[in-house]
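Peer 1: Okay, here's the structure, questions in a sec.
Computed from the coordinates by the stated procedures, all read-outs in this text should not be read as laboratory data. Being a predicted model, the structure only gives us computed values, none of them experimental. All Cβ positions, even for glycine, are placed from backbone atoms using ideal geometry, and neighbour counts span all protein chains on display.
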Ligand SMILES: [Zn+2]
């Protein structure tokens, strides 16, 4: 009973040790889904096989984990791969942006099983009207849930600063929302349930979908919309900062004599590399026509891309020197421009980042990223189950 003794020495109760261990085991299944056995998990976590087996059994009874077909077995017992169970626990990922509203229903496996989106000018709506539209969208997506399945919660992704506890939108300038506190429990009249509702920054949410494709990795994610958003993943955890307001790369100054930004300061990165600024400089109406102009060798379009490469080089270079992260993933219109942006941006970064000539910098361009913020919000809402699976497993064990 070495584990129990260790637990008592650190002042943890047996229940809290079990809760923590359930979360660790579930995390292993999540990160290595379909490719991990009880014995693998015991090895990785340094627990005994019998302890891991008991925890896995509880996760199976609690309908969070599932067993696959046994493999191997020439010597010893065949290994039974474990995977996250689908169809039992879901979360709502919601998004309000300037020109659209989205609701997605995400399964515990991370798959998006339903999505509804409407295009509308949300800046003309009151907060109450916006929440009304969202309720309708959410109800439609919830219809895809099988009977008996549970809702872990909902997260609303917004373009702005959000309080760390997820209960208040401090400032979403493009929406005109300031100091808005949505209800903590949201009555969407779904099977008589009230759904816990939180808010989160939209770029953080998008970054979670990128992280899902590369679990545990470290990177700077930069996405180009009207503004420039960013997020930092360090070993698979997003850096949120003291108040949850970190990674405002778009407001790093790249030209002290430049255009005044929406934030009031002069020459922020987004006044150069934001979508409208880029299209104005290139003399184009949208990203597709810009891509066409670049393919046709249009000098003005190429000069505009060169200019954003320089500006991105200053801001991203500063971030990499500060953070010591060597992978940069670019999305939005920046992802679409990889073919032309890669070389000049690499050149800037190798010059500016102290260790780059020796170690190198990896640039990845994400071409298509539809509805990432809403999908990521759903993944974030599932975090409640991943952090405390005991709360989901135990009601089943007691039945
Ligand atoms: Zn600014």
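Peer 1: Starting from the Cα gyration tensor of the range 147-230, take the square roots of the eigenvalues, sort them a ≥ b ≥ c, and report rounded, prolate or oblate (rounded when a/c is under 1.5, otherwise prolate if a/b is larger than b/c, else oblate).
Peer 2: oblate
Peer 1: How long is the gain from residue 387 to residue 124 if the chain were fully straight, where each residue apart is worth 0.36 nm and the alpha carbon distance is subtracted?
Peer 2: 90.9 nm
Peer 1: Also: In degrees between 0 and 90, to the nearest 10, how far off the longest principal axis of the chain does helix 372-387 point, with axes built from Cα atoms?
Peer 2: 30 degrees
Peer 1: Rounded to the nearest 500 deg cm²/dmol, what is the calculated helix-only ellipticity per residue at 222 nm for the chain, with -39500 (n - 2.57) per DSSP H run of length n ≥ 4?
Peer 2: Value at 222 nm, helices only: -13000 deg cm²/dmol.
Peer 1: Take every DSSP beta bridge with both residues inside the chain and express the antiparallel ones as a percent of the total, to the nearest 5.
Peer 2: Roughly 65 percent of the DSSP beta bridges within the chain come out antiparallel.
Peer 1: Additional query: Using 7 Å Cα-to-Cβ label points, what is the residue 288/residue 253 separation (nm, one decimal)?
Peer 2: 4.0 nm
Peer 1: Moving on. Give me the one-decimal nm value for the distance between modelled label points at residue 54 and residue 171, 7 Å along each residue's Cα-to-Cβ direction.
Peer 2: Label at residue 54, label at residue 171, 5.2 nm between them.
Peer 1: So, one more: Largest first, please: the extent of the C-alpha atoms of the chain along each principal axis, to the nearest Å.
Peer 2: The Cα atoms of the chain stretch 69, 54, 41 Å along their principal axes.
Peer 1: Which whole-number percentage describes the relative contact order of the range 66-180, with Cα contacts under 8 Å and a sequence gap of 6 or more?
Peer 2: Relative contact order of the range 66-180: 23 percent.
Peer 1: Taking 8 Å as the Cα distance limit and 6 or more residues as the minimum spacing, I'd like the relative contact order of the chain as a percentage.
Peer 2: Value for the chain: 17 percent.
Peer 1: Bins of 10 Å, beginning at zero and ending with the bin holding the largest distance: percent of Cα pairs per bin for the range 227-357, please.
Peer 2: Cα pair-distance distribution for the range 227-357, in percent: 12, 42, 35, 10, 1.
Peer 1: Using the Cα gyration tensor of the range 121-170, with a ≥ b ≥ c the square roots of its eigenvalues, what is the shape: rounded (a/c below 1.5), prolate (a/b larger than b/c) or oblate (neither)?
Peer 2: Since a/c reaches 1.5 but b/c is at least a/b, the shape of the range 121-170 is classed as oblate.
Peer 1: Which whole-number percent is the relative contact order of the range 244-371 (Cα, under 8 Å, 6+ apart)?
Peer 2: Over the range 244-371, the number comes to 21 percent.
Peer 1: Same structure, new question: Mind jotting down the distance between the C-alpha centroids of the range 133-188 and the range 324-367, whole Å?
Peer 2: Value for the Cα centre distance between the two parts: 34 Å.
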